[in-house]
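The values are calculated or read from the model by the stated rules, or taken from the named source; none is laboratory data. Bear in mind that the values here come from a model prediction, so they are computed numbers and not experimental data. Here Cβ is always computed from backbone atoms with ideal geometry, including for glycine, and neighbour counts include all displayed protein chains. With ligands, DNA and RNA removed, areas are computed over all heavy atoms of the protein, side chains included. Shrake-Rupley method; radii C 1.70, N 1.55, O 1.52, S 1.80 Å.
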Amino acid sequence: MPPPPSSLPPRVLPNLVSCSRRAVTSAATAAAAAYSTAVAAGGGGGGGRPLRYAVLGAGFAGLSVAWHLLKHSPKGSRVRVDIYDESGIGGGASGVSGGLLHPFYGRVLNSGKSVWICCVARSKRMEPLGQMELAKMRPLSGEGNSLGIIRPPTSEKTADILLESCSLQVLDSDEAQCLIPGLCVPLNFAVYMPLALNINPKKYLQVALFFACQNMSDEASLSSSEQKECKLYNEHVDDLQQLAGDYDSVIICLGARASSLPELTNKLPLRTCRGVIAEFQLPSDTIETYGSQSPSILSDAWLAFQGPRTVSIGSTWQWKSENYSSSVSDDEALNAMEELLPKASAVYPGITKWKFVQARAGIRAMPPLTANGSLPLLGCLNDVIGKRSNCSFWLVGGLGARGLLFHGLAGKLTAKAVISCDENLIPPEFTCWKEP
């Protein structure tokens, strides 16, 4: 089965954005009401216990939810967010992603922009920026990283998809090869995305996003009227009910592993897909290097350059895999190279001079294909698992290969719904997976 199409139906984007804006507006009132109820019950403010949230998973989705819970909790509240992940920050598929972020989905990206703004600002030790600009995120990329992304279409179908997108520049063959000497341009034109980035996923998760959560907690501790805590526990959670007595809400952001929880076995319409990424380097005796100002390449295989002598190439698509290990056997690595190198060399023949170094892998949790495209699964799980306590359960899942893109929006919508105890704040496109 081929990877899912690289664009959402245009009719979905305005709807998601408008719903997101309505969520921001209505959540403030709902959150205040929910907070007042919690205070009256002895939690969240005054001398009672703080509102406590458990977030399962420390990847893109989990850390985004944690950050938004801290950010959007009502003024004067006492909030504690505990993050559980036995593999640590970015230990799952998020940490082995390619990190290519392009402006195909500018509206979706912009709708979740607040987490980007804060993380970028904090990573630069600056005050939050006034607007989200992709160019501002370059401190999160690898050292000497390439600028932008270029895609030379290899078929008329991919060309049509690209030309319907936004924030793009169409280059002829000479212009494209000026950016990347030796680039092969099968259809005599290429699409250049100058604002696109190749973000280092581990650095973004560990240095920027988790740091932003901790920093928000530290800032709140200076206030006499509110208290915010965020802690990470390298622990495995195998039973949701064991957390129910200690938390007001549990938000499950475990990717493909969510289905392994006994309460959710065979209840989530997720498709698993293992992806292998291969890392190559130029031999030390090779004088010619990849241009420090040249973009990364997006094609049937993507080439994410991390400096003039290192590149990651991805990704394979092994559907229905149950291999959750990030380690890659010699046979699996060989099969990945046999699949990826012909695709990579079709647009960048010079890759044949590079030497294989290592491979890494992760399991994507792919959402079902619907009339609205492949959208993440969000929403309250109380009816799905059968609520047996005052604790509510929520899901952020199915981000698939678009975790970097969707985590800001998905985290914001979910956090606001959790704080407000109102699933209706999440657009129905994200919750319709629960319908019979």
- Here the net charge surrounding Asp82, from other residues whose Cβ is less than 15 Å away from its Cβ (Lys, Arg +1; Asp, Glu -1), is 0
- Quick one: net charge of Ala336's neighbours, Cβ under 12 Å, K/R +1, D/E -1? -3
- Message: Per residue of segment 213-224, what does 6.51 cos²θ - 1.76 cosθ + 1.60 with θ = phi - 60° give for ³J(HN,Hα)? Whole Hz please, x for Gly and Pro, Karplus curve as stated.
- Response: 4, 5, 5, 5, 5, 4, 5, 5, 5, 7, 8, 7
- Skip the ligands, DNA and RNA, and give the accessible area per residue of segment 170-245 with a 1.4 Å probe, whole Å². 48
- Item | Burial order of peptide ranges 54-65, 412-423 (average beta-carbon count within 10 Å, highest first) | 54-65, 412-423
- Task: Of the listed pairs Lys203/Lys434; Lys231/Lys355; Lys228/Lys387; Lys71/Lys202; Lys228/Lys320; Lys320/Lys343, which have alpha-carbon separations greater than 32 Å here?
- Result: Lys203/Lys434; Lys231/Lys355; Lys228/Lys320
- Query: Name the residues of segment 247-276 whose amide N is less than 13 Å from a point 7 angstrom out from the Cα of Gln241 along the C-beta direction?
  - Reply: 262-264
- When the charge dipole of segment 364-427 is computed with +1 on Lys and Arg Cβ and -1 on Asp and Glu Cβ about the Cα centre, the Cα farthest towards its positive end, among Pro367, Gly400, Ala417, belongs to Gly400
- How large is ³J(HN,Hα), in whole Hz, for each residue of segment 296-307 in order, when computed from phi with the Karplus curve 6.51 cos²θ - 1.76 cosθ + 1.60 and θ = phi - 60°, using x for Gly and Pro? 6, 10, 10, 8, 4, 10, 9, 10, 9, 7, 10, x
- Item | Summed side-chain charge close to Ile287 - residues other than Ile287 whose Cβ falls under 12 Å, Lys, Arg +1, Asp, Glu -1 | 0
- Task: Would you please give the residues with an amide H less than 5 Å from that of Arg364, counting only those at least 5 places away or on a separate chain, with H modeled from the backbone geometry?
- Result: Cys273, Arg274, Gly275
- For segment 254-408, give the percent of accessible area contributed by carbon and sulfur heavy atoms, probe 1.4 Å, rounded to a whole number. 49
- Please sort by residue number the GluC sites (Glu not before Pro) in segment 287-355 whose DSSP state is loop and whose Cβ has at most 12 other Cβ atoms within 10 Å. Glu288, Glu322
- Hey, what did segment 334-436 get for relative contact order, percent, Cα under 8 Å, at least 6 apart? 24
- Query: Using alpha-carbon positions, what is the distance between the centroids of segment 255-311 and segment 232-247, in Å?
  - Reply: 31
- segment 279-352, relative contact order [Cα under 8 Å, separation at least 6], %: 28
- List every residue whose amide H lies under 5 Å from the amide H of Glu229, counting only residues 5 or more places away in sequence or on a different chain, with H placed 1.01 Å from N in the peptide plane. Val79, Arg80, Val81
- Item | In Å, descending, principal axis extents of the Cα set of segment 230-375 | 62, 38, 31
- Accessible solvent surface per residue of segment 328-370, calculated while the other protein chains remain in place, 1.4 angstrom probe, Å²: 50
- So which trypsin sites (Lys or Arg not before Pro) in segment 290-353 are both in a DSSP loop and have at most 13 other Cβ atoms within 10 Å of their Cβ? Lys320
- Message: Please list, in order along segment 314-320, the HN-Hα scalar couplings obtained from phi with the Karplus expression 6.51 cos²θ - 1.76 cosθ + 1.60 (θ = phi - 60°), rounded to whole Hz, x for Gly and Pro.
- Response: x, 9, 7, 10, 9, 6, 6
- Message: With N set to the number of residues, divide the alpha-carbon radius of gyration of segment 225-264 by 2.2 N^0.38 Å and report two decimals.
- Response: 1.39
